[in-house]
Every structure is written in structure tokens, then in C-alpha cells.
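Notes to accompany the following structure.
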There are 2 protein chains.
Amino acid sequence: MVQKSVPKRGRPRAYDPDKALRNARDVFWERGFSGTSLDDIGAATGMNRPSLYAAFGGKHALYMKAFDTYRRTSRRMIDVVLAPDIPLSEGLQHFYAEALDTYVPKHGKARGCFMIATGVTEAAQDADVRKALGDALHDIEKALEVRFAAAKKAGEISASSNPRALAMMASAALYSMAIQSRTGVPRKALQAIADAAIETLCAGSNKSRTRITTP
Amino acid sequence: MVQKSVPKRGRPRAYDPDKALRNARDVFWERGFSGTSLDDIGAATGMNRPSLYAAFGGKHALYMKAFDTYRRTSRRMIDVVLAPDIPLSEGLQHFYAEALDTYVPKHGKARGCFMIATGVTEAAQDADVRKALGDALHDIEKALEVRFAAAKKAGEISASSNPRALAMMASAALYSMAIQSRTGVPRKALQAIADAAIETLCAGSNKSRTRITTP
DNA sequence: CGATTTTTGTACCATGTCGTATAAAATCCT
DNA sequence: AGGATTTTATACGACATGGTACAAAAATCG
């Protein structure tokens, strides 16, 4: 996961870099970039300041690494649930179900989307964050557009439909869930957003009407 | 606007409370709550620390006042553009056009929605922000739902349409514009989101197809 | 074992931050 | 003018913050 390999000589690391990065990410996720101190991260990872520095290179670099990890994980999930051999509406149901589980974990408090919850605020002042967030959202929308275009070609949705517009709406619904989950809106109401999106965007395609929930 | 009146005696204020509140709001808007220091606010308002304190009562209280002001302004705008005597699709065009002008001012850099850009991050840790943001978003969605319900009753949209679902999608499009504007997405692409929403949600009602842009 | 290498842990520094104490300034009232 | 009242301006205090220096610790290699 993390490229830095363990050296042959010298004192061994007292931490697991991947685990530490996840824990640091969780702190940023909860408190935001500006709201998180290196002491918070030290406490969450069990690492002292110089180790944090050697491993990740300062607060900003650490945040960007956490951002990138989250982005990659999201991307992998999307590629799985939007595979073109899964029916469109079923794929979208999985898409939103996976997102919902991330935004409102079964155990633990609601946290929303890491990128939206922490990146949007910083984007105005931090060019790195602005670019990373912009690229990440663009990727999501593009993946949806590709899927809708395939669905159009396959006759899953109307031949007159506009894949780009549908992707915009589908991603918008995701962002709405990301935002509202963090305000304490209950799972059921968030699920209703997903349902509304699927109902609105897959008007024709009703090969699968079963509600998908994770076990 | 601000309830605190000028007293009859004593040294007169050197600042205009409403103007100061707007300037403070703009700093929070740009840097977020945690990313803003009282020195930043002092510089932006021209007020020194004790005056800020006396006028607004500390950083958090000042932020909440700014939030409330923004929320009220948004609410007024929404009530105007979604008045039931304006055709639905025209009203929505105004709705998104107004939002766009707020998110990407004609002069000055893109900033998105104050509530989403600054509130989502803090919502996880700050119960006041969480409630204010949740209430504000709920208000927006409710106003849209009421308008869609009226449109349904008036035959502007299909009798089988679901006003609540339509409101969810319409608000989601707004939030998407709010987020993406802050990542630097150009006006044209943001307008495309609005167009996609209107196209998707007002499928039947095409009394007005003219693009609305502010002068 | 002793030299080498890498990480750890403590302490530290310079700066930033929130909030307040206190005295001077500017107005009104009599 | 003189007292009363309110705001301003400076300064400050206690603490938090990001980042670093440095010696001790723990491993490998010869």
C-alpha cells in the first residue's frame, strides 16, 4: 500500500504505516484539515512527531496522502459496482448502498464523504486540494457517464436520454447524501435520496426493483 | 438588520455592524471556521478584538450569526424565485441562476455556498452547526417540494410525479453546483448541471425554454 | 562484540491563537 | 464644564501549534 519499504538495518518501526495513515485519515475526516492538530494525529496513530514527519512529511503532505488513499478506494468501489455486466439500476443501487455504508458506518457516528467533508472547505485556499478534489469528482461523474452511455447503447435506458446529464444528476444525488449524512439525517432518509435518483434516472429500466442493502 | 441599537450616550461605534458582519462572513466563507483566526476577522472588519467581542461575542457566536444571515438571505431568494405564479421551469432557472451568481461572483473568485463550504466540515464536531445546517438544507428541500407539489396540482408536471423525489433531485443539483464551483469548475459547466436538473425534472413542462442569465 | 543505521522519545523554539484587563477617547446629559 | 457612559486601542497572558534538534534505543552487519 505505502511505497516506503522497511529497511534491512536500523531500529524497526513501532507502527504500521498503512494503519497509521488510516487512523490519521479518520481524524481529518472527523475534524477537517484546519481543525486537526498534529497532536490529534499523534494521539490517534500512537506516533510521535518526528516519526510522523519522517513517514509522511508534515501535516499537509499527510492530508494529501490520506485524500489520495480515499480517492483510490472510492474509485475501486465505483469500478466494481458500475461494471457494465451488472444491470444499470442494480449497479446504481449498489453504488449508493456502498456510499451510504461509508458515510454512515454501521458502528460509529455519521461522517459523510472524506473528500467533500474535508476538501471543500480547504479548496478555496489550497490549490493542491482544489485540484485533487476537482479531479476526483470529475472521475466519479465520468465513470457514471460511461455507464449511462453503455446503458443507452444496450437499450437499458431510452435512446433519447443524455448520459452526461444523467451522470450529473446521479453524482449530485451522491453529493447530497454525502452532505446530509454529516448533518445527522438518518439512513432511511438518505436511502430515499438514492431511491429518488434511481427512480428519476432509470425511468425505463426496471429489470430489478429489489432494494439492495448490505448485510 | 442587527438588533443591537446605538445607545444614546457614550463613544460612538467606529464600525457598521451589518457591514462588519458581512466582512466577517466573507472571511469564514473563504477560509472556513477553523481556518479563520480572529486576527483575520479583525483585519477584514477593521475592528479590534474587544470590539468584536462586545459586538458579536466570540468566534463561534460570530460564525453562527454569519451563518444565520446567509441562511435568511438564501431563504428570501428562494421564496421569490419559487413563487407559484412563476412557471416552474422558469422559476427553477432563476433559482439556479441566483445560486450560480452567489457561488461564482461576477467579480471575485469562486466561493461556493457559505453553508456547505464552511458548515459541512464543522458539522461533525459542532452540534450548533450541525443543527443549523441540517435545518437550512431541510428548508430548501421543503420549499422545492412545495413548489413541485403546486406544479403537480396545476398540471405543470405529470400527475404521477413525486414532488418529494423531485425536490430531492433539484436540491441535490444545487449542492453539486455549490461543491463544484469551489473546485474551480467554470460557470458554463455549472450551468450545465442546472440545465440537466431542469431538463430531467420538468420533463413535461416546457412553457419556457429560454435560458435565464443575470445581466 | 563493536560499528553502523534507522527509529524513537523528549525537549524545545518560534509563532499563532483566543480571550481579557485596563486605560484612554469620544460622546451625551445636566 | 464635569460626571456618566460607552467604545476603542494597546497590551498581555495562557495555551496550542507546526516543525526540529539531539541523544538514547533497537535493530543489522562484519
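Using +1 at the C-beta of Lys and Arg and -1 at the C-beta of Asp and Glu, which of B:173, B:162, B:110 has the Cα lying farthest in the positive direction of the dipole of region B:66-201?
About the Cα centre, the residue reaching furthest to the positive side is B:110.
Once the label point is set 7 Å along the Cα-to-beta-carbon vector, what list of distances in nm do you get between residue A:139 and its counterparts in the other copies?
Spacings between copies for this position, smallest first, are 3.7 nm.
Under a point-charge model restricted to the Cβ atoms of Lys and Arg (+1) and Asp and Glu (-1), what is the dipole moment magnitude of region B:1-141 relative to its Cα centre, in debye to the nearest 20?
Numbers: 21 positive and 18 negative charges, 188 e Å.
It works out to roughly 900 debye.
For the protein assembly as shown, what does the accessible surface come to per residue with a 1.4 Å probe? Please give it in Å².
Heavy-atom SASA per residue in the protein assembly as shown reads 47 Å².
Return the lysines within reach of residue B:8: Cα separation strictly under 29 angstrom, same-chain partners fewer than 8 residues apart disregarded; answer none if there are no such residues.
Partners within reach: B:19, B:59, B:65.
As a test of the definition: with a 1.4 Å probe, what buried accessible area, both sides summed, do you compute for A against B, in Å² to the nearest 100?
Numbers: alone 11890 and 11860 Å², together 20410 Å².
Looking at A and B, the buried total is near 3300 Å².
Would you compute, from DSSP H runs of 4+ residues alone, the mean residue ellipticity of chain A at 222 nm, taking -39500 (n - 2.57) per run and dividing by the full residue count, rounded to the nearest 500?
Value at 222 nm, helices only, nearest 500: -21000 deg cm²/dmol.
Would you mind telling me the share, in percent, of accessible area of region B:59-215 contributed by carbon and sulfur at probe 1.4 angstrom?
C and S atoms contribute 55 percent here.
If R₀ is 56 angstrom, what is the calculated FRET efficiency for the pair residue B:135 and residue A:14, using the beta carbon separation as r and rounding to 0.05?
0.75
What distance in nm lies between label points placed 7 Å from Cα along the C-beta direction at residue A:49 and residue B:107?
4.5
Kindly give the distances from residue B:107 to its copy-mates, label point to label point, with each label point 7 Å from Cα along Cα→Cβ, as nm values to one decimal ordered shortest first.
5.7
Cα atoms only: what Rg and Dmax, in Å, come out for the protein assembly as shown?
23.0, 78
Would you kindly calculate the mean projected area, averaged across all directions, of the convex hull enclosing the Cα atoms of region B:66-201, in square nanometres?
Averaged projected hull area, Cα only: 8.1 nm².
Can you list the residues, at least 5 places off or on another chain, whose amide H is less than 5 Å from the amide H of residue B:157, using H built in the peptide plane?
Amide H neighbours of residue B:157: B:152.
For region A:40-126, what is one quarter of the convex hull surface built on the Cα atoms, given in nm²? Please list the in-between numbers first.
On the way: hull surface 30.1 nm².
If you wrap the Cα atoms of region A:40-126 in a convex hull and average its projections, you get 7.5 nm².
For an R0 of 22 angstrom, estimate the FRET efficiency from the Cβ-Cβ distance between residue A:187 and residue B:125 and round to the nearest 0.05.
The calculated FRET efficiency here is 0.60.
Taking each residue of A:180-187 in turn, how many C-beta atoms of other protein chains fall within 10 Å of its C-beta, and what is the average? Display every interim value, and only then the final one.
Details: counts 11, 2, 9, 14, 7, 3, 0, 0.
Per residue, the average neighbour count from other chains is 6.
The values are calculated or read from the model by the stated rules, or taken from the named source; none is laboratory data. The structure displayed is predicted, hence computed values, not measured ones. As a convention, Cβ positions derive from the backbone with ideal geometry for all residues, glycine included, and neighbour counts pool all protein chains shown. Side chains included, ligands, DNA and RNA excluded: accessible areas come from the protein's heavy atoms. Shrake-Rupley method; radii C 1.70, N 1.55, O 1.52, S 1.80 Å.
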